[in-house]
Amino acid sequence: MSQNPATGSVVVSDWHRCKDGKEYFNKILHRKKRKIFGLLESPVMPPHVAVDTVHYKIFLTGKSGVGKTALAARLTGRNIPNVHYETTGVETTVVFWPVKLRDSGRVLFLRLQLWDCGENALRRFDHLLPSCKEQVDAVLFLFSFTDRTSFDDLPNQISKWTEESAGRLVKLVVGTKFDLFMHCDVAQRDVRDFQETWRLPVLRVGGEVSNGLDDVSPLLNCLAEQLWHHDCVTAGSVGLQQETVTLL
C-alpha cells in the first residue's frame, strides 16, 4: 500500500465554500439541507456540465454502540437517532459528494454506498460478512472516545482486514463522540501513538450536527483523497495522473 496522501494534496479541501463549487453542491442540497438519495437516484447536472461519477462501496465496522449508524446518518444528511439501537441486519445508504481534483481541476461526483451491519447479526448469520466484504473499496474502523475498549480493539480489527485485503483497501479510523470531553476515555496521546504505529488517518466526529456541509466535509474529503489516490496507484499512475483511472 502506498503512503497516505497529505490532506488537501489531492482534492480542494474547502471547495464546498468556493464560488465555482456552488453549482455542484447545490445538487446535493434542498432548501439548504442535504438531499436524501435512494439507491437508484443521483444528482442531475445540466447537459453542458461535464462530470463523471465514481462508485465506491464503504464498510463501517466497530464495536456495538460506537456510532456506526449515527455516522452513516450524519454523512448522508439523515436525522441521527436519539436512542441507540442495534442494527438488526445490513443497512445501506448512499451519499453523493462532489470533489475538484487539485492537479487537473477535474470535477468528480463520488457515489459512496455505506454498509452498516449490526455486530450481533454478523455473529448469527455467516453470509452477512462475506456480502459486506464483496467488492468493498474502503473500511472505516470506528471507536468511541467514551469507550476505551472500542479503541483497544482497533488493532485486532485492522489486523484481520490487513491480512485479508493485502493492501487492496483504503482504511480510515474514525473516533466518534469527540465532543463529550467529560466522559472521554481515550487521550490524545493514545491517538497519536496509534497513528505512529499503524500509519492510518484518524478522524474525529462529535455529536452536534448542523445543516451545512462543514460537519461532513473533512471526513468525506479525506475519504475521497484516499480512494482516488489508491485508484491512481493501483492503475500505475505515478504522480496522480487521474485520467488513467477507469470510471465506473
Being without any contact (Cβ under 8 Å) to a residue 40 or more places away in the chain, among the charged types (D, E, K, R) and in contact with a strand residue (DSSP E or B) (Cβ under 7 Å, 6 or more places away or on another chain) narrows Glu23, Glu91, Glu86 down to just Glu91
Looking at Leu129, Leu122, Leu140, Leu180, can you tell me which residue is surrounded by 12 or more Cβ atoms within 10 Å (Cβ to Cβ) and modelled with pLDDT of 90 or more? Leu140
Select from segment 192-248 the residues that are in contact with a Leu (Cβ under 7 Å, 6 or more places away or on another chain) and of a type in the set (S, T, N, Q) and write down the one among them that is modelled with the lowest pLDDT. Gln242
Here's a check for you: in segment 11-48, which residue that is among the aliphatic types (A, V, I, L, M) and surrounded by 12 or more Cβ atoms within 10 Å (Cβ to Cβ) is nearest to Cys222 (Cα to Cα)? Val11
Filter segment 149-177 down to the residues that are among the acidic types (Asp, Glu) and at pLDDT below 80, then identify the one that is surrounded by the fewest Cβ atoms within 10 Å (Cβ to Cβ). Glu163
Quick one: what pairs do we get from segment 215-230, first residue farther than 16 Å from Lys100 by Cβ, second in a helix (DSSP H, G or I), C-beta under 6 Å, 6+ apart or different chains? Val216/Leu75
Return the residues of segment 44-75 that are farther than 25 Å from Ile158 by Cα and either out of contact with any Pro (no Cβ under 9 Å at 6 or more places or on another chain) or assigned to a loop (DSSP other than H, G, I, E, B) (or both); say none if nothing qualifies. Val44, Met45, Pro46, Pro47, His48, Val49, Ala50, Val51, Asp52, Val54
Residues being surrounded by 12 or more Cβ atoms within 10 Å (Cβ to Cβ), out of contact with any Phe, Trp or Tyr (no Cβ under 6 Å at 6 or more places or on another chain) and either modelled with pLDDT of 90 or more or part of a loop (DSSP other than H, G, I, E, B) (or both) - total across segment 77-95: 7
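Which of the residues that make up segment 42-82 are of a type in the set (Gly, Ala, Ser) and more than 19 Å from Leu29 (Cα to Cα)?
Across segment 42-82, the qualifying residues are Ala50, Gly62, Ser64, Gly65, Gly67, Ala70.
The values are calculated or read from the model by the stated rules, or taken from the named source; none is laboratory data. Bear in mind the structure is a predicted one, so any value in this text is a computation, not a measurement. As a convention, Cβ positions derive from the backbone with ideal geometry for all residues, glycine included, and neighbour counts pool all protein chains shown.
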